[in-house]
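The values are calculated or read from the model by the stated rules, or taken from the named source; none is laboratory data. Being a predicted model, the structure only gives us computed values, none of them experimental. FYI the Cβ positions are ideal-geometry reconstructions off the backbone, even for glycines, and counts take in every protein chain you see. The protein model used for the area step is the full one, side chains on, heavy atoms only, and it has no ligands, DNA or RNA in it. Shrake-Rupley method; radii C 1.70, N 1.55, O 1.52, S 1.80 Å.
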Amino acid sequence: MRATTRHLNGGRERGGDRGWWLIVAVVVVAPVLGAIAAILWRTPLPVSEAVALLEDVTRKPRLAFLVPDTAYYRPFFHIVLSTIWNADVSIEARVAAIRVLQIAPVVALAGLFLLHVRPRTLVDAAAAAGATAVLLGSPGLRDNLEIPLSYTTVGMPLALAAWHLLVSPPRRWHTAAVVALTVAAVGFKEQGLAIVALVVAAWVTRAPSATRTQAVILVVLALAYVALRFAWHPRMATFEQAIGLGFREVSTSEATARFGTFPYLVYAYSGLATIGNVLFSEPSAGVFSIVRAIGDGTAEWWQYIHLAASIGLTTLLAWWATGELVHARRSGWTDEARTVVALVLVLAACGALSFNYSRDRLGGMAVPFYALAAFHALRAAARRVTELPRWRFEAAAAGLVLLASLWHIRAVGTVEAVRVTAARNQMEWLTSLAQRTRDFADRPVYLSILDSLRAQGTAESAPLPTNYPRPIMGVFSPANVQAP
Amino acid sequence: MTAARVRSVGGWLLVPGVLAAGLVLALEGGRVARPRSPWFGRPKAFTLGDAIAQHDVARAYALLRETRRHPDELIVVSHPTLTAGVGRFVSPLWWAVAMRDEHAILMLLGAGATIQHVDGRDADCLAERLHDPVMLAVLRRGGPALPDDPCPTVPAAR
């Protein structure tokens, strides 16, 4: 799929492995991905998010969602949800379609990722499996696996597809396709604008399918989009949601009172927090919760694993990126060096787009490119260590295997995380159904949706977290989420 | 030498992925083969009292709906200290407080459970006797106002 790539000995390699190493990578990745998909398939739609969204799409005409008169503007998501929910099929079929809207992009993302990196050797296959664990184990993906909120999970494979086209040999339809992918991603969520950063990265690094016209078109479209949003919604709240600051969360009202007159430093903090979360797993939603837990002496294994895996990988990426950029200055742009620039720009875009408040999910659009960089870095490091003297070779190889192990543990942790979400959704139905029926007594549409979804929400078959034995409790996910 | 090392590093780097895949396959396979294993769930409860004791709120809810019983209908329970190890009729809500299960309390209150200051139905009095302000707060938050009349006298045997 990729045109060429720099190789260990400075040469170039092409296909010829008949796809065996791609199959090996797919086989290694499939169980974790399949488990995530299977759990999402049985996850109850949550009371708190789903019912109100479905009430919206029941009450409003489909095209009304195109008017950008709300703080949260996701017209394509609402139109798709409306099409599903208002279809003349059974409730079970509609719920299944909503779940597919979340599952299909995740599977497509992992599939596209493996096709894009297209492993051709054993080292490639191992690096691809490790990088897919980075993709699946990152908080930016994990926080987006909440049914039915598929805004960013749709955008992530679209971004990767756009990047794939940009670095592929040029075709006449590539510009139109990249524009269409960007519009689709932005239509699902503002974070889709991160694709514009990718297009700029591709143009700056002279990627095969990138052109100045293409970059100009998308930058103009992005500016027009931002102008449209401000024109329709000129009075944004200073803080739309609670913000994280240092070691604690600050409520919207407190943040407005404390920082309302000059919120820009807090905006910068929130943007940097989102970037930091992608690179270091800290802070989470703006709060340094892992550091706080370590300081309090209450940290669990998973927290040490997240921090160590992210710091280790980001350090490796810094080493690899420096080498690639130095090489690019001397010999011209390679796919690897382009990936460095793409990661930097898409991280900056994610940071800028999350200025108002930071959440793990807001770094989602950067995650495929963090994982792509991880693939190149792991592969480069694996090859570099083979040139070291014996004892250093053994130590460095062991370090790489440890790093890969930590990320694979995190990917298994994502399987547990979606189980925990499913169990929480079910518990929410069981414990808050009556309260909501009372609270929303004057909203008949809400009540009828609540009633129609009750069976799926309270079904005994909802996934439950694994009760790991005490010695490994807290390795994959927080110990307190295990069943009592 | 270098080619052998490349193969060696590649092979070792693939091992964690293979182990993770094996772990997930074993866990998911185990769930299918033994869904009620302590790793994956709880033993299936056939009575409301057992479901509450096992903190299986979904099962308790299902049993309430399947049997079409009112959540105030008394159940027989036994507890080493609270019932001195002998069977006793209590309300499901009383039993949920005894098991300190906030979720079960909220589910039962949502299903229409009530509190009366008579022996075995006095869930709020039990929470006070257990010095459990959290359960008391859940009872206050999740249901109708608590009764004003005094708590029943607790028999000395208990």
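Condition (residue is modelled with pLDDT under 95 and either of a type in the set (Gly, Ala, Ser) or in contact with a strand residue (DSSP E or B) (Cβ under 7 Å, 6 or more places away or on another chain) (or both)) applied to segment B:65-75: is it met by at least one residue? Step through it out loud before you land on a result.
So in segment B:65-75, the residues modelled with pLDDT under 95 come out as B:65-75.
Subset that is either of a type in the set (Gly, Ala, Ser) or in contact with a strand residue (DSSP E or B) (Cβ under 7 Å, 6 or more places away or on another chain) (or both): B:74-75.
Within segment B:65-75, one or more residues are modelled with pLDDT under 95 and either of a type in the set (Gly, Ala, Ser) or in contact with a strand residue (DSSP E or B) (Cβ under 7 Å, 6 or more places away or on another chain) (or both).
Could you give every pair whose Cβ atoms fall below 6 Å, whose first residue belongs to segment B:35-56 and is more than 11 Å from chain A (Cβ to nearest Cβ), and whose second residue is of a type in the set (Val, Ile, Thr), counting only separations of at least 6 or pairs across chains?
Taking only residues 6 or more apart or on different chains, the pairs are B:Leu48/B:Ile75; B:Gly49/B:Ile75; B:Gly49/B:Val77.
Does segment A:65-72 contain any residue that is assigned to a helix (DSSP H, G or I), in contact with a Ser or Thr (Cβ under 9 Å, 6 or more places away or on another chain) and not aromatic (Phe, Trp, Tyr)?
No, that holds for no residue.
Restricting to segment A:27-51, and then to whatever is of a type outside the set (D, E, K, R), surrounded by fewer than 16 Cβ atoms within 10 Å (Cβ to Cβ) and away from chain B (no Cβ under 11 Å), can you tell me which residue is nearest to the chain's Cα centre (by Cα)?
Only one residue fits best here, namely A:Trp41.
Which residues, counting only those in segment A:185-211, are in contact with a helix residue (DSSP H, G or I) (Cβ under 6 Å, 6 or more places away or on another chain) and surrounded by fewer than 17 Cβ atoms within 10 Å (Cβ to Cβ)?
None; the set is empty.
Can you name every residue in segment A:57-90 that is within 21 Å of A:Asn356 (Cβ to Cβ) and either open to solvent by 70 Å² or more (accessible area, probe 1.4 Å) or free of Cβ contacts under 8 Å to residues at least 12 places away in the same chain (or both)?
A:Asp69, A:Tyr72
Given the options A:Ala422, A:Ala371, A:Ala377, A:Ala417, name the one that is touching a Leu at 6+ places or on another chain (Cβ under 6 Å) and under 30 Å from A:Pro463 (Cβ atoms).
Only one candidate qualifies: A:Ala371.
Return the pairs, sorted by first residue and then second, in which the second residue is hydroxyl-bearing (Ser, Thr, Tyr) and crowded, with 21+ Cβ neighbours inside 10 Å, the first residue lies in segment B:3-20 and is facing chain A (nearest Cβ under 7 Å), the beta carbons are less than 8 Å apart, and the residues are 6+ apart or on different chains.
Listed pairs, sorted by first residue: B:Arg5/A:Thr386; B:Val6/A:Thr386; B:Val9/A:Thr386.
Testing A:Ser405 on (1) under 30 Å from A:Leu53 (Cα atoms); (2) open to solvent by 30 Å² or more (accessible area, probe 1.4 Å); (3) of a type in the set (Ser, Thr, Tyr), one condition comes back false. Which one is that?
(1)
Can you spot a residue in segment A:89-105 that is at pLDDT 95 or above, within 14 Å of another protein chain (Cβ to nearest Cβ) and part of a helix (DSSP H, G or I)?
No; the residues of segment A:89-105 include none that is at pLDDT 95 or above, within 14 Å of another protein chain (Cβ to nearest Cβ) and part of a helix (DSSP H, G or I).
Going through segment B:41-62 one residue at a time, which ones are part of a helix (DSSP H, G or I) and more than 20 Å from B:Arg100 (Cβ to Cβ)?
Once the filter is applied, which keeps residues that are part of a helix (DSSP H, G or I) and more than 20 Å from B:Arg100 (Cβ to Cβ), segment B:41-62 yields only B:Ala62.
Quick check on segment A:247-265: of everything there that is out of contact with any Ser or Thr (no Cβ under 9 Å at 6 or more places or on another chain) and part of a helix (DSSP H, G or I), which residue is least open to solvent (accessible area, probe 1.4 Å)?
A:Glu254
Could you check segment B:23-34 and list, in sequence order, the residues that are more than 8 Å from chain A (Cβ to nearest Cβ) and either assigned to a helix (DSSP H, G or I) or in contact with a Pro (Cβ under 7 Å, 6 or more places away or on another chain) (or both)? Lay out the reasoning, then the answer.
Going through segment B:23-34, the residues more than 8 Å from chain A (Cβ to nearest Cβ) turn out to be B:26, B:29-34.
B:Ala26, B:Gly29, B:Gly30, B:Arg31, B:Val32, B:Ala33 - these are the residues of segment B:23-34 that are more than 8 Å from chain A (Cβ to nearest Cβ) and either assigned to a helix (DSSP H, G or I) or in contact with a Pro (Cβ under 7 Å, 6 or more places away or on another chain) (or both).
Among the numbered conditions (1) of a type outside the set (Ser, Thr, Tyr); (2) surrounded by 20 or more Cβ atoms within 10 Å (Cβ to Cβ); (3) touching a Phe, Trp or Tyr at 6+ places or on another chain (Cβ under 7 Å), tell me where B:Gly30 comes up short.
Status for B:Gly30: all satisfied but (2).
Among the candidates B:Ala104, B:Ala123, single out the residue that is at pLDDT 90 or above and within 11 Å of chain A (Cβ to nearest Cβ). Write out each step before concluding.
Details: B:Ala123 fails: within 11 Å of chain A (Cβ to nearest Cβ).
Being at pLDDT 90 or above and within 11 Å of chain A (Cβ to nearest Cβ) holds for just one of B:Ala104, B:Ala123, which is B:Ala104.
Quick check on segment A:435-442. Is at least one of its residues within 11 Å of chain B (Cβ to nearest Cβ) and either of a type in the set (Gly, Ala, Ser) or closer than 30 Å to A:Gly312 by Cβ (or both)?
no
So how many residues does segment A:109-144 have that are closer than 28 Å to A:Glu282 by Cα, outside any helix (DSSP H, G or I) and open to solvent by 10 Å² or more (accessible area, probe 1.4 Å)?
Residues that pass the stated criteria total 1.
Among the residues of segment A:456-473, is any within 10 Å of chain B (Cβ to nearest Cβ), of a type in the set (Asp, Glu) and surrounded by 20 or more Cβ atoms within 10 Å (Cβ to Cβ)?
no
Please specify each residue of segment B:110-123 satisfying the condition of being under 21 Å from A:Leu430 (Cα atoms) and either acidic (Asp, Glu) or open to solvent by 10 Å² or more (accessible area, probe 1.4 Å) (or both).
B:Gly110, B:Ala111, B:Gly112, B:Thr114, B:Ile115
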